[in-house]
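Engineer: One structure is given below, represented as structure tokens, and several questions about it will come after.
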Amino acid sequence: MLLYPDLKTLHVLFAAASLLLFVVRGGYTLLLARSLRARVWRWLPPVVDSLLLTFGIWLAVLLRINPLRADWLGVKLLCVIIYIAVGILAFRLHRPRWLKITLFAAAVLLFAFIASIAVWHDPRGIFVLSD
């Protein structure tokens, strides 16, 4: 049975893998102005993201954290939904290049904010340092 440190490590590793895949795909798509065609790019990111979500839910259940009561987790989940939407928009066809780049950068910054919420367990994330 996996214990808390194992689950947390797996969650962090899959978060890093998710970001890496997103940045590689974004860099390739935005710099070369074409999408990745290899089959692995169709199945690998959703599998990694599903495992990330699975380990995140498992952690919340193990620690008995309710996102409706733990404001930091609720904000983190809301930001994850926004991150997914912005990431999808960044790779849609028929958008001006400047908009794709802006959306891609916004998604990466949002990912960093989500990670900071997780680190500090505070809905203000990195902005908790400004106090």
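No value in this document is a laboratory result; all are computed from the given coordinates. These numbers were taken from a predicted model, which means no experiment stands behind them. Quick reminder, even Gly has a Cβ in these numbers, built from the backbone with ideal geometry, and neighbours come from all protein chains shown.
Engineer: Arranged by the count of other C-beta atoms within 10 angstrom, fewest first, what order do Val61, Val48 take?
Structural biologist: So the ranking, lowest neighbour count to highest, is Val61, Val48.
Engineer: Over the chain, what is the relative contact order in percent, taking alpha-carbon pairs closer than 8 angstrom and at least six residues apart?
Structural biologist: That works out to 24 percent.
Engineer: Order by neighbour count: His121, His11, fewest other Cβ atoms within 10 Å first, most last.
Structural biologist: His121, His11
Engineer: Could I ask something else about it? Arrange the following residues from fewest to most other Cβ atoms within 10 Å of their Cβ: Trp98, Trp120, Trp72.
Structural biologist: Neighbour counts put them in this order, fewest first: Trp98, Trp120, Trp72.
Engineer: Another question about this same structure. Of all the Cα-Cα pairs you can form in segment 4-130, what percent are over 19 Å apart?
Structural biologist: 52
Engineer: Counting Lys and Arg as +1 and Asp and Glu as -1, each charge on the Cβ, what is the dipole of the chain about the Cα centre in debye, to the nearest 20?
Structural biologist: 700
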